[in-house]
Structure formats: C-alpha cells, structure tokens
1. What is the gain in length, in nm to one decimal, between Arg51 and Arg147 on full extension, counting 0.36 nm per residue of separation less the C-alpha to C-alpha distance?
2. Against the empirical 2.2 N^0.38 Å scaling, what ratio does the C-alpha Rg of the range 17-150 come to?
3. When all alpha-carbon pairs of the range 112-154 are counted, what percent fall beyond 14 Å?
4. Using every pair of alpha-carbon atoms in the range 4-81, split the distances into 5 Å bins beginning at 0 and state the percent of pairs per bin, rounded to integers.
5. Two decimals is fine: what's Rg over Rh for the range 90-179, C-alpha atoms, Kirkwood radius as Rh?
6. About the Cα centre, and with charges only on the beta carbon of Lys, Arg (+1) and Asp, Glu (-1), how big is the dipole of the range 4-81? Nearest 20 debye, please.
Amino acid sequence: MAKDEDILAVATRKNLYDFVRRNPGFHLREVSRALNLSITLADYHLRFLERHELVTSSMDGEYKRFYPRSTPGLADVPAALSEADRQILAYLRQPVPLRVIAFLMEHEEATHKQILEQVPVSPSTLSHHLKKMQAGGVIDRAEGKERGYRILQPKTVARLMATYELATADQIDTFLRVWGEFRV
C-alpha cells in the first residue's frame, strides 16, 4: 500500500483530506462547494482516500457523508468518530435539524408547538424532521403530560457541537447550565 505522504502529495487530495478532518459529516456536494471543486473531481479523490483508508463514509438516506479515520492507513483501527457520533453529526449538518437540536439543548424538553415557534418551517416539515431524528436515535418523546421531545445523548451532542463549532459561545454556556459538564 502507498505511504500516506504519497497519497496526500496531490494538493486537491490533501485539501479534501484536511477538510474532512476539520468538517466530518459533510456530504459530497457540500464538500465540493466548500472547496470549489467539481463534484466529479471531489468524488474521485474522496473515493481514492477511502480506498487508501484515510477517510470513511456512511450513507445517510440519500447522502453519502465523509469522516476521517483515526489512524491513517489502518483498516482495522476504529474510525475517529463512533457510529452514534456520525449519526448525530449527520443531523447537525442539516439546517432544520440543527436548529431543532440547538433549541432542545437549551430547553431539555419541548413540544412540537414550542419548537415550531423557534424553527421557521411548516408544521408538517417539522414533523418530518422530528420523525427522522427520532428514528435515527437523536431525539425521543419525553414522558409526561405534554409529551414533548428531548435529546437522547445531550452530553455527546454538546461535545460535538462545541468540537465542530456548530454552537455559539452563548449556546455552549447555556448547554453547560442546562446539562452540566459535558466533556467526555
């Protein structure tokens, strides 16, 4: 197998690899837009990086999302992110789910109506996203009188949002207040 330095000697490939390391969970079109590459070129190099085990990918419905490997070139070493982390990041990379998750992180629990007041989409669109996030194991229905929604792994979500700068400093302060210390 080629050495990692040789694999990353091509500037485009190196840029893609660095981008995926900094931004795990982006799908092909997002990566190509961010780096101003054609989709075909980005796809070619990402597949090459996958074959050489520098990045890994998983399907999220219709999107193939890319993630870094923990140790370049070693197929038997676990990925840098757990499957649960990948699932959460896939939702955090989407605008509507990100807003829903951020709101739930700040409020522990909220009803459909409360979320709808903060996320400017139609009720049916919000329901669609809530069902997808429920099926993906990111949120769940809370028990109680109003049966709102809640985050299943708030500390993991907070850590990922902070690590990949998906939350503002004010939001992180709120997360700490609501959920306590979240660093693992």
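Since every read-out is calculated from the coordinates, none of them should be taken as a lab result. Just so it is clear, the model here is predicted, and its values are computed rather than measured. FYI the Cβ positions are ideal-geometry reconstructions off the backbone, even for glycines, and counts take in every protein chain you see.
1. Numbers: separation 96, 0.36 × 96 = 34.56 nm, distance 4.57 nm.
Result for the pair: 30.0 nm of gain on full extension.
2. Values: Rg = 17.1 Å, N = 134, 2.2 N^0.38 = 14.1 Å.
Rounded to two decimals, the normalised Rg is 1.21.
3. The proportion of pairs with Cα distances above 14 Å equals 48 percent.
4. Histogramming the range 4-81 at 5 Å steps yields 3, 17, 31, 28, 15, 5, 1 percent.
5. Numbers: Rg = 12.1 Å, Rh = 13.0 Å.
Reported Rg/Rh (Cα atoms, Kirkwood Rh): 0.93.
6. Details: 11 positive and 11 negative charges, 51 e Å.
Roughly 240 debye for the range 4-81.
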